[in-house]
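S.K.: Take this structure, written in structure tokens, and hold onto it; I'll ask about it next.
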Amino acid sequence: MSSEIRLAFAHPSERSEATASVGPLDRISLRDHIVEVEIGAFQAERGTTQRICFNVVVEVEPIEAPLEDDVDRILSYDRVTEAIAHELSEERLNLLETLAARIAERILWEPQAVRVFVRIEKLDRGPGALGVEIVRSRAQVHPELAEEDRPHPRLVYLSNAAIASRHLPGWIDQLQGQERPVILCVGAPDLPAPQTGHVMTQRRIDLLAIEQNAWQLAARDPRCVVVETRTELDWAMKNGQISVWAPSKIVLDSVDGPSAHPRDAVALAVWFAATFAADEMMVIGADLPAAATVALRAVTVEQATL
């Protein structure tokens, strides 16, 4: 077996050593860290957990001054396992590649980290281990946003009467004139949805009904752009785009999903507002839910001033 093939299947620590740049770097490693998690793009992988094995090697700048046995001066192993746990708790993911890239980026936010090797394998999908391995360097990631720099959007829930209102273009004008990110949420259209008699399939149908209405809103005004992923929403909030939330992906991929039923669209929007750290939510033409974790304001369609 050639050395290239051997290294391809070797532990990341061997690959790190074989591909090291000029100049000494220290390494810390995490071996055979196994977690049970729900992940995968196939329908058979939804609603069930499987064992995922993590092997991570982080190359770090050597510390020249005496350590004095001070744990705060080194990149702790805990930071590696915390990066894994954090990304697994953020949302349900389809791809190991996405998970590996997010873990690598979070580790490389640490000031000591120079390069990271992340190998992730599924242990229960066949007779062997199926996985991916990536390598990322400090130059390939963006610095972590400070908490105060993270966008805190304003959410506006539009009832069907509000979507059809002659005031809608004027509301969009007002929202565009405000220097803050805006996300619009809607409910299902005033049409009966198909009934399946099955909880999971009905949930998907009810979420898709909301997305149909999101596209109806987008058709009313081209400034309203339908988005479905966290990545798209983050980009939109940073670039002044007014987004209309299509809920299926974020709701179904949420680790701690909403207790609100999709037919209770205002309560579902409140859950979404909390997950995106919205500072307030306006509800136009609908009743407020009994409880909420964000500031709410309800107005009628004729009274609405944004």
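The values are calculated or read from the model by the stated rules, or taken from the named source; none is laboratory data. In this text the structure is predicted, and so the values were computed from the model without any measurement. Glycine gets a Cβ as well: all are built from the backbone with ideal geometry, and neighbour counts include every protein chain shown.
S.K.: Could you list, in sequence order, the residues of region 273-285 that are in a strand (DSSP E or B) and either within 11 Å of TYR157 (Cβ to Cβ) or modelled with pLDDT of 90 or more (or both)? Talk me through it step by step, then tell me what you get.
M.R.: The first filter runs over region 273-285 and keeps only residues in a strand (DSSP E or B), leaving 280-284.
Passing the criteria: MET281, MET282, VAL283, ILE284.
S.K.: From the list GLY177, GLY187, exactly one residue is out of contact with any strand residue (DSSP E or B) (no Cβ under 7 Å at 6 or more places or on another chain), outside the structural domain of ASN55 (by TED's automatic domain parsing) and touching a residue at least 60 places away in the same chain (Cβ under 8 Å). Which is it?
M.R.: Values: GLY177 fails: touching a residue at least 60 places away in the same chain (Cβ under 8 Å).
None of the other options fit; the residue is GLY187.
S.K.: Hey, can you tell me all the residues within region 234-272 that are among the small types (Gly, Ala, Ser), buried (at least 18 other Cβ atoms within 10 Å of the Cβ) and modelled with pLDDT of 90 or more?
M.R.: Just the residues of region 234-272 that are among the small types (Gly, Ala, Ser), to begin with: 236, 240, 243, 246, 248, 254, 257, 259-260, 265, 267, 269.
Narrowing the set further to residues that are buried (at least 18 other Cβ atoms within 10 Å of the Cβ) leaves 236, 243, 246, 265, 267, 269.
Result: SER243, ALA246, ALA265, ALA267, ALA269.
S.K.: Of the conditions (1) among the polar types (S, T, N, Q); (2) closer than 24 Å to ARG297 by Cβ; (3) surrounded by 13 or more Cβ atoms within 10 Å (Cβ to Cβ), GLN178 satisfies every one except a single condition; which number is it?
M.R.: (3)
S.K.: Suppose the filter is modelled with pLDDT of 85 or more and either exposed (fewer than 14 other Cβ atoms within 10 Å of the Cβ) or not assigned by TED's automatic domain parsing to the domain that holds ARG263 (or both); does GLU121 pass it? Talk me through it step by step, then tell me what you get.
M.R.: Details: modelled with pLDDT of 85 or more: yes; either exposed (fewer than 14 other Cβ atoms within 10 Å of the Cβ) or not assigned by TED's automatic domain parsing to the domain that holds ARG263 (or both): yes.
Considered against the rule, which asks whether it is modelled with pLDDT of 85 or more and either exposed (fewer than 14 other Cβ atoms within 10 Å of the Cβ) or not assigned by TED's automatic domain parsing to the domain that holds ARG263 (or both), GLU121 comes out as yes.
S.K.: Do any residues in region 37-57 that are under 13 Å from ILE84 (Cα atoms) and in contact (Cβ under 8 Å) with a residue 24 or more places away in the chain have Cβ atoms under 6 Å from those of residues that are part of a loop (DSSP other than H, G, I, E, B) and of a type in the set (A, V, I, L, M, F, W, C), where the two are at least six apart or on different chains, and which pairs are they?
M.R.: Partner pairs satisfying both residue conditions: CYS53/LEU123.
S.K.: Please determine whether any residue of region 221-231 is under 30 Å from LEU93 (Cβ atoms) and in contact with a Pro (Cβ under 7 Å, 6 or more places away or on another chain). Quick ask: steps written out before the conclusion?
M.R.: Just the residues of region 221-231 that are under 30 Å from LEU93 (Cβ atoms), to begin with: 224-231.
Next, from what is left, pick out any that are in contact with a Pro (Cβ under 7 Å, 6 or more places away or on another chain): none.
No: region 221-231 contains no residue that is under 30 Å from LEU93 (Cβ atoms) and in contact with a Pro (Cβ under 7 Å, 6 or more places away or on another chain).
S.K.: Conditions: (1) in contact (Cβ under 8 Å) with a residue 12 or more places away in the chain; (2) under 25 Å from GLY47 (Cβ atoms); (3) of a type in the set (A, V, I, L, M). LEU168 meets all but one. Number of the miss?
M.R.: Looking at each condition in turn, LEU168 falls short on (2).
S.K.: Turning to a different aspect of this structure: Among the numbered criteria (1) outside any loop (DSSP other than H, G, I, E, B); (2) within 17 Å of ARG154 (Cβ to Cβ); (3) of a type in the set (Asp, Glu), which one does GLU179 miss?
M.R.: Here GLU179 meets the rest and fails (1).
S.K.: In addition: Under the condition of being touching a residue at least 40 places away in the same chain (Cβ under 8 Å) and part of a strand (DSSP E or B), which residue from region 202-251 is farthest from ILE183 (Cα to Cα)?
M.R.: If we take residues in region 202-251 being touching a residue at least 40 places away in the same chain (Cβ under 8 Å) and part of a strand (DSSP E or B), then CYS224 is farthest from ILE183 (Cα to Cα).
S.K.: If a residue must be in contact with an Asp or Glu (Cβ under 9 Å, 6 or more places away or on another chain) and either hydroxyl-bearing (Ser, Thr, Tyr) or outside the structural domain of ARG180 (by TED's automatic domain parsing) (or both), how many such residues does region 230-242 contain?
M.R.: Total satisfying the criteria: 0.
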